[in-house]
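To start, the structure under review is shown below, and the notes come after it.
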Amino acid sequence: MPGLGVSFGRGAATTFSRDVANSDCITIMGSNMAECHPVAFRWVMKAKEKGAKLIHVDPRFTRTSAVADIHAPIRAGSDIVFLGGLINYVIQNEKYFKDYVVSYTNAATIITDQFKDTEDLDGVFSGYDQQARTYANQTWQYAREQPATPFGFDEAMKASNFTELVTKLKPPPARRDPTLQDPRSVFQLLKRHYARYTPEMVERITGCPKETFLKVAETITANSGPERTATMAYAVAWTQHTIGVQIIRAAGILQQLLGNIGRPGGGILALRGHATIQGSTDNPTLYHSITGYMSHPDTRRRHESLKAYLATETVPTAFLSNQPKWVVSYLKALYGDAATAANDYGYDWHPKIVGDHSHMAMMDAAYKGTVKGMFVMGQNPATSLNASLQRKALGKLEWLVVRDFFETETASFWYASPEVKSGELKTADIKTEVFFLPAAHVAEMEGSFTNTHRLLQWHEKGADPPGDGRSDIWFTYWLGTRLKNLYANSTNPRDQGIKALVWNYEPDQQRNAEFRIKDEPDALKILKEINGYNIADGSHLKAFADIKDDGSTVCGNWIYTGCFPAPDQNLTASRKPDDYVSLGWGFNWPANRHIMYNRASARPDGQPWSERKKYVWWDGQKWTGLDVPDFVPTKAPDTPSKPDGIGLDAQSGTDPFIMKADGKGWLFAPSGLLDGPLPTHYEPVESPVQNLLYKQQASPVYKHWDSDINKLAQVGDPNFPYVITTYRLTEHHLSGTMSRWLPWLAELQPELFIEMSPELAREKGVANLDFVKISSPRATIRAKALVTPRIRPFTIDGKTVHLVGMPWHWGYQGLVTGDVVNNMSALIADPNVSMHEGKAFVCNVEKA
Amino acid sequence: MIPRENLTHWDALVYVEMFLAGVAAGAYMTAAILELVGRGRSSVARTAHLIAFPLMLVCGLLLTVDLGRPERFWHMIVQSKTSLPMFKLWSPMSMGSWLVLVFPAFAFVSFLDALIAGRLFRIGGWRAESTLHGSPAGRIWAVIGGLLAFAVGSYSGILLSATNFPGWGDSAVLGALFVVTAVATGLGALLLGEAIRGQTSHPDIGDLARASVMVILWQLILIVVFVATLGPAGVRVFLAGSALVAIVGAALLGGLLPLLLLRFGAAAARPSMAALAGVLVLVGGFLLRYAVVIGPQQHG
Amino acid sequence: MAAAMGFYTDTTVCIGCKACEVACKEWNQLPATNGGANTLSGNSYDNTRELNGTHWRHVKFVEQFSPDRKQAQWLMMSDVCKHCVQAGCLEVCPTGAIIRTEFDTVVIQSDVCNGCRDCIAACPFDVIGINEATGTAQKCTLCYDRLQNGLTPACAQACPTASIQFGPIQELRQRADGRVSTLKAQGTQAYVYGDEKMLGGLNSFYLLVDRPEVYGLPPDPQLPSRSLGLSWLLSAGGAVVAGLAGALAFRKQRMDGAAEATTVGEGSER
Ligand SMILES: Nc1nc2c(c(=O)[nH]1)N[C@H]1C(S)=C(S)[C@@H](COP(=O)(O)OP(=O)(O)OC[C@H]3O[C@@H](n4cnc5c(=O)[nH]c(N)nc54)[C@H](O)[C@@H]3O)O[C@H]1N2
Ligand SMILES: Nc1nc2c(c(=O)[nH]1)N[C@H]1C(S)=C(S)[C@@H](COP(=O)(O)OP(=O)(O)OC[C@H]3O[C@@H](n4cnc5c(=O)[nH]c(N)nc54)[C@H](O)[C@@H]3O)O[C@H]1N2
Ligand code: SF4
Ligand code: SF4
Ligand code: SF4
Ligand code: SF4
Ligand code: SF4
Ligand SMILES: [Mo]
């Protein structure tokens, strides 16, 4: 999640769910938390019971709005205007937390003179290449002092060891103006960038009444400051936009201005989706990173050798200066004894990416015939974005393996899909060989879950899966074993990697003793590798400091180090609750720190900002408090940065954001993002309205996988006059495999529906429960109308714009079935993370 | 009282039972009155005794079949877990269960008595000349049996009003209405019975007709009182569908029409007229039971 | 008897997630409507529609919006048997199937009930229905089996926001009163539905913010026996009038017909 990573250093929720109970004001925006995160929502209700204010900003009136103090309706896709409006309100009315902003953020930092804002270039930043539709970020950089010695990639490549390499990367200090008056200071740039995001503009673009917006602004600011804290929670209604990362950035800016990061009851709670989706980005199944959010070796970047990779990726003046240790230990985890200093620890064997291999890119490639085979484990792409394209793509594969509990839409696409039903495709013509394998359910295997706030919790295996059902670990392990056997005698250099691959998660007879399945691999061995151990004696690593760059340690994922510090201490399995932080419950990466950047919960001098909000503070000797300090434990507040120091030595005792190169929170992002240093409002790619702020209509750099069946609507296309948004219901889970097959859940929401306002229903002559046809440039589907005043028409720049909403949980398999909503959506994406725009596109609605 | 989603599903079995039990009870009560005015041995009284018991047997059967678990019918009389008697004075259903057990016992004796009076057989000294009814002991029997019959005629109405079901629970007059329609239908059945037996010139028919006229009038008054005491919400449930038709039918067919026939149609003189009046009263009584039982349940 | 146990349901923190409904069905192994293949009701997010013999918990949704959306409220309430201290169902049950337990809860014993359905009509809250599978009347047991084993009822256990709170009634009543004052101080009109004045107290009571009718609850629930005496009295009166009419008719004949006595009289009764 670069939205948070770029702002604060780590791409994850800055706080933990339970801490929300201490908040004085909770803004849920871009999420329907009550419906999608009902268990964590308990803490929202606890806070509310204590008198906290709850704000919900959502196009629809949902079950979250129902318990909120304020519901602010906005048109889908207009979040940056609303957030920008709040930023502008805070700056114009001088409601920002001055001491915090000056000391802990990059507000005072000066940006180069070459930088041009969207205000100057009518909607794009300097560095834009119109042909390539990309940005170069050289002009977005900090203005720095003259370097005393040369530094950078070329210098680093000359180094003879990793420490030297990092040192050679260190730039001279950036220029600052603590008065915030310099017109090139981040603060002044920010002020100017958002000056036109006035309450009136917010009303014109978002459709949210000005009074409601102001009430939100007043409530949030009144609950921020030394004595009070406000938190924000979001989920995929911020991410699922072509500007999703920038929306999250905007929230990051607001929370920094209000001094809410790193403090109890504050922060930004990224509500993650799938079970252990956090774990799957930490470890990751992401194509563009290896473990612990390190970049994936990439042929398109200076990654030609381990040294080049490190010279490109290492941040010399932050905790990230330790990256050589993490990468070397990671390579040792992969290739074991075969990884030596002499062969760059097997770096050359490591796969390199050659382009965008994200889900949509891959399916587009499959549709175009480039991809031959596919494993689908824990996914149901036949119901995913532009589902009909994805199903056709599946039909072009040579083979497809699906591992699931039920015969999903994906496993059955070749005979049950709408294309086959309609005769457009014939089963006989689909050559894909489909293997459907039964998967074990979570209760039928052991392992760890990483929840929305980075908490690792171990779960035991409760029972064997029935019949041939096997866990994903079992499948992957035995598949890997067979592949290794297959290549065992190969002398082909390109096969050396798989031959060297360490694959030592052998079943443990004792641990499998009570179960029927005796060849289940040992998940604890995997956890041990992830945590890391010393190669010499096998002893487990206890902390980050134990990870070495000399090949003496193995560490599968540095951010998890410490979760399994000794063979008899699996902290992820520990269950010692207390009534707040609960340090003894599971393991919260990093290093069991629950609120990240918690150095900021104290003033620059180390004392709490207020008694009411004390959390972590300097006791004269060390940092102490309710949580594990996210700071060097003995580094006094008055420690200056060392001019020639690297890593955290380059930062002072008042720099709380230890993962950032300057130790500051980033209001302005000189690097890390492909679509600009400051969040800017662009309309969704498909929108019925013109961008009222800039000439640039949509993101200048969004991704589009063009093909005959992935066409887009023009702005204001009269054939598709309505905004449509898609979302979840509490009663179902995602594509419905885990809910539509279960009678008790199926009966709760049995049929697909479209939520529409009584106003639109009247216009269209549609009565409640009538069938309607909904169409987009990609497809037309049917659903029953649920006419409800919870949906309202918006007045955008004086004109009525109707919004409709559809939950997308249905498909053609299961106890209850319905049309696939994603037949209508498009393969377009944000440039940073390739996230689709399922939250805002256009459609038409007619009575069926 | 709130509108209902859960219906009792007291349907045909129940309103037929309530109707038949009403006829039986009404007839028996008529016989008891006859006994008290000294005509215990009259043909009418015997007819009443001949029909009451068999009808009650049918009723017992209908009620049992109507249960969700018929094999557990006895749980209403004996506590299944302790084997102690199961009786709740304050539960009309419990009371009714006992009544449906005890009243037929009395009716059975009267039934035998009527058969004996008809010289079909005799049991020892119990024979046509020395029947129970018409004797002083018969009076006592009639009083007890008549009271039980009264209870049988009333309880189903009271059971319905002792609920929180809109339309039933709204009025305390339902028991009165039920017992009076029981008497009316009892009289109707006797009119029909006597007419079939061809006792044209028998003055009893005239008496039955006169009694019927008064009871039907009383019944009409009670229908009005019932509706008046329902309140708007209660009334609404009866003002729709087949219940509305049935109520109107009950008032017209079972009330006004027989009233005209009996008062001005010289029913006493012509058996066909008497029979017709009897049938109409019975149909009316049936429609009323139907309307009362179904009306409140018909929205589901 | 142990302390009276029950539910305090704070509807202001209910998020309509229906976890309670599902937990109840799972624990009690109750079937889903039509095996899950239910239909959309069109009434907000409520598709299970009612409490009955197979839905012992039911979450209600009430949408209250003015045309301009200035007034915008979506009320949710998880409904269940009220475990009335004076319980209408228990009062009428002719088999003794319905009992009051040691926890002061009201339970239908499935093995005793014979499906007469009187309790369905007697309950002021429309709680009970017939479970087709068993042919008997069923409703919430307040998880009698769990209580006997020291467990919290399944629904309360599952409720993520503590809208459903389980505990000793006295304690719950205090908590509810406290919550009402807090809400009032925050400007929300709230009140407790089901205090001791209502049917002796509902052992499953509610904190509501609108009139009972809005939630489909009776404002003034009564026992079925409320007019039992009057009913019998009126019934007796009705019968007496009818009886007198009969007596009058039959007596009159006796005098009128004295003359005919010889010709017909006893003789006709051969
Ligand atoms: N019950 C249940 N829980 C779930 C899931 C599930 O399927 N079912 N899925 C899990 C997963 S994978 C995820 S990712 C999370 C997702 O959690 P959420 O993001 O909370 O879920 P959504 O329902 O997709 O979207 C939330 C809300 O966004 C609103 N919305 C739509 N467009 C916009 C917009 O442009 N701006 C703003 N501010 N709001 C908008 C919608 O009206 C909707 O109410 O939930 C997780 N939890
Ligand atoms: N229009 C629109 N589209 C969306 C979204 C939206 O809001 N709007 N949301 C998006 C989001 S946030 C998400 S996360 C995706 C989700 O989209 P998918 O991941 O494609 O959908 P799921 O239904 O979650 O598929 C998960 C499958 O994994 C199976 N499964 C569960 N556990 C296991 C296991 O342990 N092993 C194996 N092998 N299988 C298992 C389940 O049965 C299920 O079939 O959808 C995206 N699509
Ligand atoms: S489904 Fe699981 S992750 Fe989601 S709210 Fe419930 S308990 Fe939490
Ligand atoms: S609510 Fe109804 S079912 Fe529950 S105890 Fe009270 S009367 Fe009985
Ligand atoms: S249906 Fe069962 S529980 Fe209800 S009153 Fe009849 S016997 Fe009692
Ligand atoms: S107490 Fe038990 S039986 Fe009653 S609703 Fe809750 S889970 Fe169901
Ligand atoms: S589980 Fe709790 S919050 Fe969810 S619907 Fe039931 S009572 Fe409401
Ligand atoms: Mo997700």
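Residues that are outside any strand (DSSP E or B), within 19 Å of residue A:690 (Cα to Cα) and more than 12 Å from chain C (Cβ to nearest Cβ) within region A:778-804 comprise A:797, A:798, A:802, listed in sequence order. Going through (1) touching a residue at least 40 places away in the same chain (Cβ under 8 Å); (2) of a type outside the set (Ser, Thr, Tyr); (3) within 12 Å of ligand 6 (Cβ to nearest atom) one by one, residue C:145 falls short only on (1).
Would you confirm, using the coordinates I've provided, whether residue B:72 is of a type in the set (Lys, Arg), outside any loop (DSSP other than H, G, I, E, B) and more than 16 Å from ligand 7 (Cβ to nearest atom)? Steps first, answer last, please.
Working: of a type in the set (Lys, Arg): yes; outside any loop (DSSP other than H, G, I, E, B): yes; more than 16 Å from ligand 7 (Cβ to nearest atom): yes.
So residue B:72 fits the description; yes.
Do you know which residues across region A:267-279 are under 22 Å from residue A:32 (Cβ atoms) and of a type in the set (Gly, Ala, Ser)?
Hits for region A:267-279 are A:267, A:270, A:273, A:275.
Could you say which residue among B:176, B:195 is more than 9 Å from every other protein chain (Cβ to nearest Cβ), over 11 Å from the mean Cα position of the chain (by Cα) and not in a loop (DSSP other than H, G, I, E, B)? It would help to see each step written out before you state the result.
Values: B:176 fails: more than 9 Å from every other protein chain (Cβ to nearest Cβ).
Answer to the selection: B:195.
Residues in region A:460-471 that are out of contact with any strand residue (DSSP E or B) (no Cβ under 6 Å at 6 or more places or on another chain) and either within 14 Å of chain C (Cβ to nearest Cβ) or within 13 Å of ligand 2 (Cβ to nearest atom) (or both): A:461, A:465, A:470, A:471.
Residue A:212 falls short on exactly one of the conditions (1) over 21 Å from residue A:190 (Cβ atoms); (2) more than 16 Å from ligand 8 (Cβ to nearest atom); (3) away from every other protein chain (no Cβ under 14 Å); (4) assigned to a helix (DSSP H, G or I), and that condition is (3). Taken over region B:86-114, the criterion of being over 17 Å from residue B:144 (Cα atoms), among the hydroxyl-bearing types (Ser, Thr, Tyr) and in a helix (DSSP H, G or I) is satisfied by B:94, B:97.
Would you mention how many residues in region C:11-30 are within 9 Å of chain A (Cβ to nearest Cβ) and either in contact with a strand residue (DSSP E or B) (Cβ under 6 Å, 6 or more places away or on another chain) or within 14 Å of ligand 6 (Cβ to nearest atom) (or both)? Before you say what the answer is, go through the steps one by one.
Of the residues in region C:11-30, the ones within 9 Å of chain A (Cβ to nearest Cβ) are C:12-19, C:21-22, C:25-26, C:30.
Checking the rest, the ones that are also either in contact with a strand residue (DSSP E or B) (Cβ under 6 Å, 6 or more places away or on another chain) or within 14 Å of ligand 6 (Cβ to nearest atom) (or both) come to C:14, C:16, C:18-19, C:21-22, C:25-26, C:30.
Total satisfying the criteria: 9.
Please verify whether residue C:109 is more than 13 Å from ligand 4 (Cβ to nearest atom) and not small (Gly, Ala, Ser), treating the condition exactly as stated. So residue C:109 passes the test. For region A:248-280, residues that are over 22 Å from residue A:84 (Cβ atoms) and touching a Lys or Arg at 6+ places or on another chain (Cβ under 8 Å) total 5. In summary, helices (runs of 4 or more DSSP H) completely within region A:446-545 and bearing 2 or more residues that are over 22 Å from residue A:401 (Cα atoms) occur at A:496-500, A:509-512, A:523-531.
Please state which one of A:578, A:549 is in contact (Cβ under 8 Å) with a residue 24 or more places away in the chain and not in a helix (DSSP H, G or I). Write out each step before concluding.
Numbers: A:578 fails: in contact (Cβ under 8 Å) with a residue 24 or more places away in the chain.
Sole residue among the options that is in contact (Cβ under 8 Å) with a residue 24 or more places away in the chain and not in a helix (DSSP H, G or I): A:549.
When the residues of region A:259-286 are filtered to those that are aliphatic (A, V, I, L, M) and within 11 Å of ligand 1 (Cβ to nearest atom), which remaining residue is surrounded by the fewest Cβ atoms within 10 Å (Cβ to Cβ)? It would help to see each step written out before you state the result.
Within region A:259-286, the first condition is being aliphatic (A, V, I, L, M), and the residues that meet it are A:261, A:268-271, A:275, A:277, A:286.
Applying the additional criterion that residues be within 11 Å of ligand 1 (Cβ to nearest atom) yields A:270-271, A:275, A:277.
Numbers: A:270: 28, A:271: 22, A:275: 16, A:277: 14.
Going through the qualifying residues, I end up with A:277.
Among the residues of region A:31-48, which ones are surrounded by 24 or more Cβ atoms within 10 Å (Cβ to Cβ), farther than 14 Å from residue A:71 by Cβ and within 7 Å of ligand 1 (Cβ to nearest atom)? Residue satisfying the conditions is A:37 alone. Within region A:711-735, if we keep just the residues that are free of Cβ contacts under 8 Å to residues at least 60 places away in the same chain and away from ligand 2 (no atom under 16 Å from the Cβ), the residue that is surrounded by the most Cβ atoms within 10 Å (Cβ to Cβ) turns out to be A:715. Just one of (1) more than 22 Å from residue C:78 (Cβ to Cβ); (2) aliphatic (A, V, I, L, M); (3) crowded, with 17+ Cβ neighbours inside 10 Å fails for residue C:142. It is (1). Has region C:163-173 got any residue that is within 14 Å of chain A (Cβ to nearest Cβ), at pLDDT 95 or above, over 22 Å from the mean Cα position of the chain (by Cα) and away from ligand 1 (no atom under 16 Å from the Cβ)? Among the residues of region C:163-173, not one is within 14 Å of chain A (Cβ to nearest Cβ), at pLDDT 95 or above, over 22 Å from the mean Cα position of the chain (by Cα) and away from ligand 1 (no atom under 16 Å from the Cβ), which makes the answer no.
Among the candidates A:320, A:306, single out the residue that is more than 21 Å from residue A:630 (Cα to Cα) and of a type outside the set (S, T, N, Q). Show your work before the answer.
Numbers: A:320 fails: more than 21 Å from residue A:630 (Cα to Cα).
Residue meeting the stated conditions: A:306.
Based on what the data block shows, is residue A:18 basic (Lys, Arg) and either crowded, with 24+ Cβ neighbours inside 10 Å or touching a residue at least 40 places away in the same chain (Cβ under 8 Å) (or both)? For residue A:18, the condition - basic (Lys, Arg) and either crowded, with 24+ Cβ neighbours inside 10 Å or touching a residue at least 40 places away in the same chain (Cβ under 8 Å) (or both) - is met. Residues that are modelled with pLDDT of 95 or more and of a type in the set (Phe, Trp, Tyr): does region B:196-219 have at least one? For region B:196-219, residues modelled with pLDDT of 95 or more and of a type in the set (Phe, Trp, Tyr): present. Name, by its number, the condition in (1) more than 26 Å from residue A:320 (Cβ to Cβ); (2) free of Cβ contacts under 8 Å to residues at least 40 places away in the same chain that does not hold for residue A:533. Every listed condition holds for residue A:533 apart from (1).
For region A:732-775, filtering for residues that are in a strand (DSSP E or B) and touching a Leu at 6+ places or on another chain (Cβ under 9 Å) leaves 4. Here is the figure for region C:40-59: residues that are in contact with a helix residue (DSSP H, G or I) (Cβ under 6 Å, 6 or more places away or on another chain) and either within 8 Å of chain A (Cβ to nearest Cβ) or not hydrophobic (A, V, I, L, M, F, W, C) (or both) total 1. Note on region C:1-28: among residues that are under 18 Å from the mean Cα position of the chain (by Cα) and in a helix (DSSP H, G or I), the one that is farthest from ligand 1 (Cβ to nearest atom) is C:24.
Here is a check on your reading of the model: is residue B:234 under 24 Å from residue C:117 (Cα atoms), part of a helix (DSSP H, G or I) and modelled with pLDDT under 95? Considered against the rule, which asks whether it is under 24 Å from residue C:117 (Cα atoms), part of a helix (DSSP H, G or I) and modelled with pLDDT under 95, residue B:234 comes out as yes.
Can you confirm whether region A:247-263 contains a residue that is away from ligand 6 (no atom under 16 Å from the Cβ), at positive phi and either touching a helix residue (DSSP H, G or I) at 6+ places or on another chain (Cβ under 6 Å) or of a type in the set (Lys, Arg) (or both)? Taking every residue of region A:247-263 in turn, at least one turns out to be away from ligand 6 (no atom under 16 Å from the Cβ), at positive phi and either touching a helix residue (DSSP H, G or I) at 6+ places or on another chain (Cβ under 6 Å) or of a type in the set (Lys, Arg) (or both).
Which count do you get for residues in region A:131-163 that are on the phi < 0 side of the Ramachandran plot, in a loop (DSSP other than H, G, I, E, B) and within 28 Å of the chain's Cα centre (by Cα)?
Step one: filter region A:131-163 for residues on the phi < 0 side of the Ramachandran plot, giving A:131-132, A:134-151, A:153-163.
Next cut, in a loop (DSSP other than H, G, I, E, B) only: A:131-132, A:136-137, A:141, A:143, A:145-151, A:158-161.
Next cut, within 28 Å of the chain's Cα centre (by Cα) only: A:132, A:136-137, A:141.
Going through region A:131-163 one residue at a time, the tally reaches 4.
If you check residue B:57 against the conditions, is it more than 7 Å from chain C (Cβ to nearest Cβ), under 15 Å from the mean Cα position of the chain (by Cα) and surrounded by fewer than 18 Cβ atoms within 10 Å (Cβ to Cβ)? Criteria met by residue B:57.
The values are calculated or read from the model by the stated rules, or taken from the named source; none is laboratory data. Quick caveat: nothing in here was measured; it's all calculated off a predicted structure. Counting neighbours? That spans all protein chains shown, and the Cβs are built from the backbone with ideal geometry, glycine included.
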